[in-house]
Amino acid sequence: MSFSPNPYKPIGTPAPGPAPYYAENPYAPPQPGQYGYGHGQGPNQGYSGDTKSPYEGERFKPKKRINDPIFLILFIAQLVGFVVISVITVSKFGNAGGLGGGVGSDNTGKSVTLNYHTVILLLFVTGAAIILSAIYLILTRAFTRAIMHITLILSILLNIGICVYYWITKYYSGAIIFTVIALFSVLSYWGYRSRIPLASLLLQVVMDVTKHHPSVYFVAFTSLILQAALSVWYTFTVIATYVRYTPGSPTCDFGQSCSTAKVIGFIIFETFSFLWTSQVIGNVALATLAGGPFGSWYYFGPRDAGLMPKHPTLSAFVRASTLSLGSIAFGSLIVTLLELVKMVLNAAKNSANADGHPVEACLALCAECFIGCIESAVEYFNRYAYIEIALYGKPYIQAAKDTWRLFKDRGIDALVNDSLVGMTLTWGAYVTGLLCSLFGYLYLRYTHPSYNADGQYTAPVLLFAFLIGLQSSLTLMSAIEAGVSTIFVGLGEDPQVLAIRAPELFALIAQTYPQVVQGVPRV
């Protein structure tokens, strides 16, 4: 494991505004010969005299129109439906006394189904997720390159470990697929490792910009708190649904019809609503940061230069949560549906494997992996589409088309696809989710709630704990990803600006990907 001998170190005092080393000048195109380039020479040939305004193409000042209103209405309708179901089920859950249970209680409550014991457990899990997410972000800034190397190695070891486990347990369909994945990850290690210096420098630049814009942390932690509150609300609702509609539950004595079909139907809708709303919360935060502090830093320069608009974060939030909310809900719905399909395929795989049908299990696993790849690609693509929405106020379809053209025509696809920043932050989110699941397991193991005497509820409780930890962490990490992705979009549209904002980063990009900083066509 080796590290670059010249790690990035911001220069300057902690005064307001980005570190002077990479943001000492306000927005202006470089003059011929600046940074070693000029007309007819250098890797940025053809754009050095560009005088494109920061407000070009309605950037930061979009038309006041509601985009994608149909999806805005659908999102509001499903949220209202979730609220109604939650009020009905939780109120009956309270009337039933929650079936007993409490902090650290042992063999308490009725043994029919989940009780307050589990609610308190998942409340603890939510608090742990918030703390773990914040700690990981702090460690990432302090040890950027080391953590990138570690996460890369851990990703490979995880693939190998899953492969070995499946072979040992004779789950041959999964073993074959993960053997291919493990081999691919091992072979690609050296390619990823060589790109760590660029990804590390990019991540450090973004984190240093955030140090001088407290609104970044305010938006991130506000969205995290909202995400945590939604997770708790979802947890109460799911447990209350189990209590109210599970056959044999005491609440059935109140004249309510109970059935397994009702439990499954309500749980599916509640999970769908939770995933969609969680996606929207995170993506509104992303759009707020991209259209606020990060976009303003890229196109206007530091705040003390006097060119940045007043209250850019607030303005971006208003646009994202009103005029562009339908577009954000549109993109979020696509990912939510893919996630639900993947969950169904996972259940089918587990069922086929338990019934001793390896062929069906293998087909289900292949389909699940295929859907998972599509979901990851859509999430990755959507992040840049949301930045187009945040900067220009575009509808989702138009933003998606422009993003695709940006990837294909602006010469940044190699840089985007090779970035390790997303891997580093996503791995942190998965680690947080796994630690939350471990916490939940240990709590169940040592408190022995009566409803879980035979271990029948261990799996769903651990799943809920993992989802809470994962979603909470991803929301916080999205703040940093917003900055990284905004720089990529700005680099594709106006690469000369980055030469002013972060000369060292621009030089490393020009050295690693010379095609990225060549002349780019104007729309």
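The values are calculated or read from the model by the stated rules, or taken from the named source; none is laboratory data. Worth saying up front: this structure is predicted, and the values here are computed from it rather than measured. Cβ atoms come from the backbone with ideal geometry, glycine included; neighbour counts cover every protein chain shown. In case anyone asks, the SASA skips ligands and DNA or RNA and just uses the protein heavy atoms, side chains included. Shrake-Rupley method; radii C 1.70, N 1.55, O 1.52, S 1.80 Å.
Applying 1/(1 + (r/R0)^6) with R0 = 30 Å to the Cβ-Cβ distance of Val80 and Leu337 gives a FRET efficiency near 0.95.
Ranked by the mean number of other Cβ atoms within 10 Å of their residues, highest first, the peptides 376-383, 480-487 fall in the order 480-487, 376-383. For the peptides 499-511, 321-333, the ranking by packing is 321-333, 499-511, with the highest mean count of neighbouring Cβ atoms within 10 Å listed first. For region 263-351, the percent of C-alpha pairs falling in each 10 Å distance bin, counted from 0 to the bin holding the largest distance, reads 16, 33, 23, 16, 9, 3, 0. Surface analysis of region 304-364 yields an accessible area of 50 Å² per residue, using protein heavy atoms and a 1.4 Å probe. For the residue pairs Lys61/Lys394; Lys64/Lys394; Lys61/Lys408; Lys342/Lys408; Lys63/Lys408; Lys342/Lys394, the C-alpha atoms sit more than 18 angstrom apart in Lys61/Lys408; Lys342/Lys408; Lys63/Lys408; Lys342/Lys394. Peptides 209-222, 66-79, 120-133 ranked from most to least packed, by the mean per-residue count of other Cβ atoms within 10 Å: 120-133, 209-222, 66-79. Extension gain, Phe218 to Tyr380: 0.36 nm times the residue separation minus the Cα-Cα distance gives 55.9 nm.
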